[in-house]
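Every read-out reported here was derived from the displayed coordinates using simple, explicitly stated rules and does not represent laboratory data. These figures come from a predicted structure and were not determined experimentally. Neighbour counts run over all protein chains shown; Cβ positions are idealised from the backbone, glycine included.
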Amino acid sequence: MPANLTPEYKKADQRFRAAATDEEKMSALEEMLRAIPKHKGTEHMQADIKRRIRKLKENLEGGGKKAAARHVDIFHVPKGGAGQVALLGTPNCGKSAIVAALSNANVIVADYPFATEKPVPGMARFEDIQIQFVDTPPITGDYSAPGQINVYRATDLIAIVIDLSADVLEQMEICLAYLDSRRLILDENAPAESANPLGRKTFVIATKADLAPSGTLDTLRELTPRPLEFLEISTKTGQGLAALLLRIFQMLDIVRIYAKKPGKEPDMKDPFTLLRGSTVTDLAYLIHRELADKLKAARAWNAPNIHPGQNVPRDHVLEDREIIELHFS
Ligand SMILES: Nc1nc2c(ncn2[C@@H]2O[C@H](COP(=O)(O)OP(=O)(O)O)[C@@H](O)[C@H]2O)c(=O)[nH]1
Ligand SMILES: [Mg+2]
């Protein structure tokens, strides 16, 4: 039975992953528990959420003593932009070159391994939004930095980076073993009983296409024991970079909404981004928590099946590129 998770649940789940403090985590977990559809198919997930709430409570209650010893987690990358993609790969596979090619982040691209020691975020522009890429230290068959897993747990998308000019099957095996052993791969088609609440959407960036012996990607695709999507690029020639950003935008499953004040032109430069399935109420909440309760009416433009400027109800589901005018009491 599929879990049929609602946008409310997914939103709370995103809040949980973005949470920087235990208090924020607690509030998000409680919301997840409220929003999760209650049926047999989600019992496993409900139990998992309850277990995490219990553990967090213990932390919070014991917090008085431990507070002074709180350490800085260099693997906590604050989220920015409309969504985050964390790279995963073996040494020298080309992770830093990807972040360097797509953003102005100050990453080190080097032909020696382990040049990247901690995660470095960089912002890439896609049309009128920013997507955050996180460059990471490499993993090998027997080593990964201890805190690195937190980057992947908290991110929106995991990109396995494979160097097409090296041993592709070995790299894939190392990356999949890393993710599998930490239950990080999300199989969206899995039945809810075996659904993995810690899983993240994962895809593959096959890079250094300019150096790849012909047929390498086909072999990799055939021999990868998972239904992963492969995107082929070269940071040297620029091949595939635009397509990569477009697919990432689609995988993030977000909509861009332009807000408009009554009687004013809409702000077309800086859209709000929300998860697909979000409503007018969600937009109001995002703009201003306190004002959301005072939302009286809304009008929409640029929406399918809606006349320009037509009134829409609070539960109107937003589509990408809609313009919304909110009226508060
Ligand atoms: N020809 C070619 N070389 C690349 C490409 N991407 C990265 N490199 C080279 O591969 C080496 C390792 O790249 P880097 O991004 O530092 O790898 P990382 O260890 O995964 O961060 C560097 O010498 C890069 O110049 C590519 O698309 N084509
Ligand atoms: Mg690097």
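Structure data summary
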quantity: Charge-dipole axis of the stretch 130-258 as Lys and Arg at +1 and Asp and Glu at -1 on Cβ define it, positive-most pick from Ala166, Gln250, Thr140; calculated: Gln250
quantity: Dipole magnitude of the stretch 84-252, debye to nearest 20 (Cβ charges: Lys/Arg +1, Asp/Glu -1, about Cα centre); calculated: 400
quantity: Using alpha-carbon coordinates, inclination of helix 168-181 to the longest axis of the chain, degrees; calculated: 50
quantity: Cross-link reach list, lysines versus Lys118, counting only Cα pairs under 27 Å and skipping chain neighbours closer than eight places; calculated: Lys25, Lys66, Lys79, Lys95, Lys201, Lys208, Lys236
quantity: Simple spin-label estimate for Asp48 and Glu290 in nanometres, 7 Å along Cα-Cβ; calculated: 3.8
quantity: Debye, to nearest 20: dipole size of the chain, +1 on Lys, Arg Cβ, -1 on Asp, Glu Cβ; calculated: 1180
quantity: Helix-only CD estimate at 222 nm, as mean residue ellipticity for the chain, using -39500 (n - 2.57) per DSSP H run (n ≥ 4); calculated: -9500 deg cm²/dmol
quantity: Cβ charges +1 (Lys, Arg) and -1 (Asp, Glu), total dipole of the stretch 254-328, debye; calculated: 140
quantity: The stretch 85-102 residues near the modelled Phe114 label - backbone nitrogen below 12 Å, point 7 Å along Cα→Cβ; calculated: 91
